[in-house]
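Report on the structure given below.
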Amino acid sequence: MAENKENKKDGGFNFPPVSGGKTMKPLKFNGYWLYILLAAFIIGYQFLDTQSNPVRTTWQEAKTKMLEKGDVDEISVIKNKGQANIYLKADRIENYSQLKAKGFKRSSKGPHFFFTTPPVESFSDELKNIQESIPEAADTKVDYTDEYDGWGNIVSFLFPIALLVFIWMFFFRRMTKGAGGPGGVFNVGKSQAKLFDKDTHIKITFKDVAGLAEAKQEVEEIVSFLKSPDKYTKLGGKIPKGALLVGPPGTGKTLMAKAMAGEANVPFFSMSGSDFVEMFVGVGASRVRDLFKQAKEKAPCIIFIDEIDAIGRARGKNPNMGSNDERENTLNQLLTEMDGFETNSGVIILAATNRADILDSALLRAGRFDRQIYVDLPELKDREEIFKVHLKPLKLAEDVDIPFLAKQTPGFSGADIANVANEAALIAARKDKNEVEKQDFLDAIDRIVGGLENRSKVIKVGEKKAIAYHEAGHATVSWLLEHAHPLLKVTIVPRGKALGAAWYLPQERQITTKEQLLDQMCSVLGGRAAEELTFGQISTGAQNDLEKATKQAYAMVSIFGMSEKIGNLSYYDSTGQSDFSFTKPYSEKTAELIDSEVKALVENSYSRAKELLKTHQEQHKQVAELLLEREVIFSDDLERILGKRPWKEEEETEPQEAEENQTEQPEEQ
Ligand code: ATP
């Protein structure tokens, strides 16, 4: 034993491990080996065939050195190849050194030489003459044939075909694999759903889904339907067939479904709407059939279809114009399976989309997706909860205040918040910190809202001045308006595509009044007004502001019915069914009126902004100069220059109703 240990210490001689220490895997036989063997055979055949190759010579040489000496036993002319083979008499073979060198012996049968013949007619005449005139050549047998090289011909005929078949199979396999089917072309119509059941461990539970109390409750209820159906059916009720999770991107719809798969003790089929789509006709419908067949076998179970709008879009009214037959067939099959002749009790369908407005109404009716669960952008309280989930794995400094962070992120989705947490950790790591601090979170929020800081951008002095006065214009006007969003900070450090920005903290309103919209529009136009008043000229820097103001004005006039001349009319179609790009729902006259009302709204707001800046010209200048000096100024600085704002923030009531939440971007130049 001791000897053994000693050996190991010394590193005594060992065989080196095969292939870098990895053990060799036994070779497996698969289809590719066939192709390799075929190729090896073809190549080998070419080499093996050289065994008794005759020596090349010329007709002239054959004539003078062989035929006329009486050495030739037979000349075999292969007409179709234009070649003649020479068979020597056995006792003459050894007279030829070339043959000896090639290993020919007395017993070698031949052909021993070959040459390319002149045209067969002249050659046979010449040969005849020689045989008649020279006695030694008289007994040489002459034979004329056509020769077909059996194997060689077959191989040269089959090889291109085999190659084509190989290439075709190779691409076909890859295509069908790419379509998700490991089973090749014959499985293309099979459902591509992933099955999660008791044996597949999904770690996500409802605890990982923060906020979304109502949505969570509904989904939890579906799980409980499946676990104890009697509780619901004993009073005569029916278990719902499906639920549709609807909401903006990143609000946690897929996460909720994953949690459901993790919690429900029933099989869970998960797939995406686009998994039904394939280049082959009829595959989508066949996949739907197969999915339901599998699900019925495993009932009670849940089917989850993510991004259902890929197949569930409203069917076209005119079958010849722009309709997509394959998608419609798939949808029809889905409709039939969900509420058709066949019963599929115990199969609950959960789907997610952020475009419920474009879904076919037949899909949404009761009996199919009985329930629509709205997963909205999170409110303040929900954001706090989401922050708590995503901050758990981070090492936080003491100054990190979750309610404060939630307040700083209105309009952020769950995915955005997850991104803020991750980005803050990365920023802190870049600065070699041991903990993630509050400032890292604020930097992360700025980065997500405004893009990456770009301090190296070359900006001329004159341009910088224009940017500062423009941003100071936004800040001053919004400070002086009651309903403009509260200002956080103003910066002239370029970020993303913007050269400067005024950052606001949008109020989370459920409804917005006309006055609030007008004040917002006025502050948006404050930048351009400041440029005109200060420099007497305007620039392209206000393009983004003008676009925003115009869109808002059009919405006020044609959607919210906020123009007196147009009246209480809304030309918006929330069903998404009508196509207004071809026909407008109003006359030419109304269109002109809408345009003039929009123009008037924007003009009035612009004049208001100019008025405000004129009356506070000195303060505006101070704000701009401070901005030029410091590059970033905060609301405290504005309060110092412009005085405290006299308006108070409205108090919130509990509980809140979750409704339209408006996301605001910083006013960019
Ligand atoms: P899309 O409609 O674009 O598919 P989605 O609504 O399905 O978006 P998810 O994929 O579920 O969004 O969410 C993306 C990520 O955002 C999640 O992986 C999670 O990290 C985070 N997230 C979203 N909502 C929540 C939430 N309520 N609680 C915790 N994390 C959340």
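The values are calculated or read from the model by the stated rules, or taken from the named source; none is laboratory data. Fair warning: this is a prediction, and the values are worked out from it, not measured in the lab. Cβ placement follows ideal geometry from the backbone for every residue including glycine, while neighbour counts extend to all protein chains displayed. The protein model used for the area step is the full one, side chains on, heavy atoms only, and it has no ligands, DNA or RNA in it. Shrake-Rupley method; radii C 1.70, N 1.55, O 1.52, S 1.80 Å.
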If amide H atoms are modeled at 1.01 Å from N in the peptide plane, then the residues at a separation of 5 or more from VAL436, or on another chain, having amide H under 5 Å from its own are LYS395, LEU396, ALA397
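Rounded to the nearest 0.05, what FRET efficiency do ARG509 and THR336 have when you use their Cβ-Cβ distance and R0 = 56 Å?
Efficiency at R0 = 56 Å is approximately 0.80.
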Taking only C-alpha positions in the range 55-147, Rg and Dmax in angstrom work out to 12.5, 34
Zone reached by a paramagnetic label modelled 7 Å from TYR35 Cα along Cα→Cβ, restricted to the range 136-163 with backbone N below 16 Å, covers 159-163
Applying the gyration tensor rule to the Cα atoms of the range 423-487 (axes a ≥ b ≥ c; rounded if a/c under 1.5, else prolate if a/b exceeds b/c, else oblate), the class is oblate
Pseudo-spin-label distance ASN95 to GLU136, built 7 Å along Cα→Cβ, given in nm, is 0.6
Residue span SER122 to GLU618: 0.36 nm per residue of separation minus Cα-Cα distance leaves a gain in nm of 167.0 nm
Hits in the range 517-539: amide N under 12 Å from the 7 Å Cα→Cβ extension of GLU611, namely none
Listed by chain and number, the residues whose amide H is under 5 Å from that of GLN372, excluding neighbours fewer than 5 places away on the same chain and using placed H, are LEU244
Carbon and sulfur atoms account, in whole percent of the 1.4 Å probe accessible area of the range 194-374, for 51
With label points set 7 Å from each Cα along the Cα-to-Cβ direction at LYS102 and ASN354, the distance between them in nm comes to 7.8
GLN439 and LYS392 label points (each 7 Å along its Cα→Cβ direction) are spaced in nm at 3.0
Spelling it out for PHE269: with amide H atoms placed in the peptide plane at 1.01 Å from N, the residues 5 or more places away or on another chain with amide H under 5 Å from its amide H are PHE196, ILE302, ILE303, PHE304
Once phi for every residue in the range 411-427 is put through the Karplus expression 6.51 cos²θ - 1.76 cosθ + 1.60 (θ = phi - 60°), the whole-Hz ³J(HN,Hα) values, with Gly and Pro written as x, are x, 7, 8, x, 5, 4, 5, 4, 5, 4, 4, 5, 4, 4, 5, 5, 4
The distance between the Cα centres of the range 280-309 and the range 227-253, in whole Å, is 18
Plugging the Cβ-Cβ distance of ALA600 and LYS457 into 1/(1 + (r/R0)^6) at R0 = 41 Å yields, to the nearest 0.05, a FRET efficiency of 0.60
Computed over all unlike Cα pairs, the Kirkwood hydrodynamic radius of the range 194-374 in Å stands at 16.7
A student applying the Cα gyration tensor rule (rounded when a/c is under 1.5; otherwise prolate if a/b is larger than b/c, oblate if not) would label the range 380-448 prolate
Phi angles of the range 157-168, converted by Karplus (6.51 cos²θ - 1.76 cosθ + 1.60, θ = phi - 60°) into ³J(HN,Hα) in whole Hz with x for Gly and Pro, give 7, 7, 4, x, 5, 4, 4, 4, 4, 4, 4, 4
For the range 431-440, Karplus-derived ³J(HN,Hα) couplings (6.51, -1.76, 1.60; θ = phi - 60°; whole Hz; x for glycine and proline) come out as 8, 6, 8, 8, 9, 8, 9, 4, 4, 5
With every protein chain kept in place and a 1.4 Å probe, the range 380-448 has an accessible area per residue in Å² of 50
Computed from the beta carbon distance with a Förster radius of 45 Å, FRET efficiency for GLN537 and ALA429 to the nearest 0.05 stands at 0.45
